[in-house]
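> Take a look at this one; I'll ask things after.
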């Protein structure tokens with residue numbers, strides 16, 4: 001798993017660069033999107049496969065794993081999907097401290113013949129069961145079934161992933177991944193200390209928000225070169241944390257975003273660089289719901305052929321020609337309050353035929369980035385930008 005955090009962090013930031021211009025607030029699950037795309041990559045061949053690998057930032061990982069696997073008889077591809085399998089196993093472990101699940105499912109047109117090897121591999125690596133649906137004669141009912149499965153998996157937080165008209169009689173395959181997390185802070189905020197305070201949208205504009213407060217010890221690093229602070233807020237059990245990246249200046253987030261790379265993030269947040277210090281922490285209570293149509297961003301990142309009926313090659317899925325991706329939809333939800341955090345996300349891919357001080361004041365009263373991370377695998381489950389609570 002040691003090469004995997006690198007790929008997931010690169011993907012997270014690359015996608016963020018595509019999305020950040022479109023909205024003030026941003027929230028998505030890179031792990032959910034990567035998982036859905038990896039299930040797609042399993043059935044792709046040639047350039048289509050290479051482009052999905054490139055977008056998933058798995059090329060470098062694959063090269064490194066190839067070296068590690070040189071003496072064994074395991075293919076590079078298996079290494080990549082094996083790593084997803086390990087991640088899925090970790091994320092779907094039952095746990096008393098928090099609620100976390102990342103189930104996968106595939107819905108196939110009942111009139112369409114898929115290669116048995118593809119269905120077996122999807123089940124083996126992604127624990128995804130297949131359900132046959134009648135997209136030709138009952139598109140609407142098929143859509144409802146997929147959406148209601150998603151809603152159940154995310155405790156009702158993600159409704160209507162596929163809106164009316166987004167699937168059609170030519171849909172032959174829908175790959176979905178849900179991501180749900182609910183955890184309580186290791187150090188809860190006392191509601192009595194929450195007060196209405198100003199959150200500065202920029203140097204001249206502010207709005208009143210409920211600001212939660214507490215004095216406690218947290219993992220912390222001050223980044224001199226980018227003038228920013230990182231605080232780690234663990235959830236009960238400490239297997240998951242929220243990391244807050246807060247610029248010193250009210251208008252400092254753009255500079256921080258521009259300097260943020262996967263290597264820097266992994267270095268900054270490594271255990272040897274963060275230190276426990278006592279701090280007075282102020283964090284706004286907030287709730288976000290976002291949705292994204294991802295073909296545009298994914299094409300910009302290099303995944304072009306999959307959406308082109310003349311070029312898409314999904315011969316690893318089926319011997320039928322002319323398969324292409326028509327939709328990649330992502331919906332996400334997060335609520336942060338005194339008790340902890342509830343977050344959910346879902347991704348659907350439809351394939352159609354065709355230096356630390358002793359004490360620190362950390363006041364998150366202006367735009368910041370936040371990340372929910374699975375600490376053992378260093379996987380970024382959720383990534384967000386809070387510009388306006």
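> With under 30 Å from residue 135 (Cβ atoms) and not in a helix (DSSP H, G or I) as the only criterion, which of 325, 362, 334 stands out? Full working, then the answer.
On the way: 362 fails: under 30 Å from residue 135 (Cβ atoms); 334 fails: under 30 Å from residue 135 (Cβ atoms).
Just one listed residue meets the conditions, 325.
> Is it true that residue 86 is under 26 Å from residue 295 (Cα atoms), at pLDDT 65 or above and outside any loop (DSSP other than H, G, I, E, B)? First the steps, then the outcome.
Values: under 26 Å from residue 295 (Cα atoms): no; at pLDDT 65 or above: yes; outside any loop (DSSP other than H, G, I, E, B): yes.
Here the answer is no, as residue 86 does not meet what is asked.
> Condition first: in contact with a helix residue (DSSP H, G or I) (Cβ under 9 Å, 6 or more places away or on another chain) and either part of a strand (DSSP E or B) or modelled with pLDDT under 85 (or both). Now tell me which residues in region 337-359 satisfy that.
Residues satisfying the conditions are 344, 345, 346, 347, 348, 349, 351.
> Additional query: Scan 69, 97 and give me the residue that is over 25 Å from residue 373 (Cβ atoms) and modelled with pLDDT under 85.
Values: 97 fails: over 25 Å from residue 373 (Cβ atoms).
None of the other options fit; the residue is 69.
The values are calculated or read from the model by the stated rules, or taken from the named source; none is laboratory data. From a predicted model like this one, the values you see are computed outputs, not experimental measurements. Using ideal geometry, Cβ is built from the backbone for each residue, glycine included, and neighbour counts are taken over all protein chains shown.
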